[in-house]
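Once you've had a glance at the structure underneath, I'll fire off some questions.
The values are calculated or read from the model by the stated rules, or taken from the named source; none is laboratory data. Given the structure is predicted, the values throughout are model-derived calculations rather than measurements. Reconstructed Cβ throughout: ideal geometry from the backbone, glycine too, with neighbour counts over all protein chains shown. Side chains included, ligands, DNA and RNA excluded: accessible areas come from the protein's heavy atoms. Shrake-Rupley method; radii C 1.70, N 1.55, O 1.52, S 1.80 Å.
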Amino acid sequence: LTYIGMDITFPSSQIPYDGQALTAPIRYNLPEAAQRAKIYIFDKDGNQVRIDDAPTARGDRTYLWDGKDSAGVRLPAGQYQFAIDAINSADQRIEALSTGSATVAGVETRNGDIYLTTTGGDSIKLENILSVRERTQQPT
């Protein structure tokens, strides 16, 4: 199996935001439908910059963040993080799996473990990869 040039999905709560895109997709999975769900977005210093309602259906979900804070002000480029707070109809917390995706640029071995290096420079341990598929779009 060749990984270079393939798209991978992996657990991540990171949002790499370039400061210019109209939306930044935030992906997560709910193992069951939620009665209500909120998404919290934080800057690199851990300050909450946005809170919003999030999609509540069971399965893979995408929230399109517009790059703005709660006051509607566009935020600068940077690394942001998110958290999903989902509650089911019995008022119990649902554990959402946050995911990221990237294109593989290289493969390396460190201390006997295999890592995939992404075009963004991140290094993801092979055992943490959730899916591998042919690239669906050109990297930007």
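On average, how much area does the Cα convex hull of the stretch 30-84 cover when viewed from any direction, in nm²?
One quarter of the hull surface, i.e. the mean projection, equals 4.0 nm².
Among the lysines, which have Cα under 19 Å from the Cα of LYS68 when same-chain residues fewer than 8 positions away are ignored?
Counting by Cα, and skipping residues close in sequence, LYS68 has these lysines nearby: LYS38, LYS44.
Continuing with the same structure: Would you please state the base-10 log of I(q)/I(0) at q = 0.16, 0.17, 0.18 1/Å for the chain, with intensities from the Debye formula using one equal scatterer on every alpha carbon?
The computed values of log10 I(q)/I(0) come out as -0.91, -1.00, -1.08.
Also: Lys and Arg at +1, Asp and Glu at -1: add these up for the other residues within a Cβ distance under 12 Å of THR117 and post the number.
0
Okay, next question. Please identify, among ILE114, ILE94, ILE124, the residue showing maximal mean-square fluctuation in a Gaussian network model of the chain using a 10 angstrom Cα cutoff.
Evaluated over the chain, the most mobile residue of the options is ILE114.
Go through TYR115, TYR17 and list them by solvent-accessible area, largest first, probe radius 1.4 Å.
Largest to smallest exposure gives the sequence TYR115, TYR17.
Okay, next question. Taking all protein chains as present, what is the carbon and sulfur share of the accessible area of the chain, in % to the nearest whole number, probe 1.4 Å?
On the chain, the fraction of accessible area on carbon and sulfur atoms equals 46 percent.
Quick check for you: with a 1.4 Å probe and neighbouring chains kept, what is the accessible area per residue of the chain, in Å²?
60
Tell me the Rg and the Dmax, in Å, that the Cα atoms of the stretch 90-140 produce.
Rg, Dmax (Cα atoms, Å): 14.6, 46.
Another question, then. Residue by residue, what Karplus-based ³J(HN,Hα) values in Hz, rounded to whole numbers, does the stretch 53-63 have, using 6.51, -1.76 and 1.60 with θ = phi - 60° and x for Gly and Pro?
Calculated HN-Hα couplings, in order: 5, 10, x, 10, 5, 5, x, 6, 10, 10, 10 Hz.
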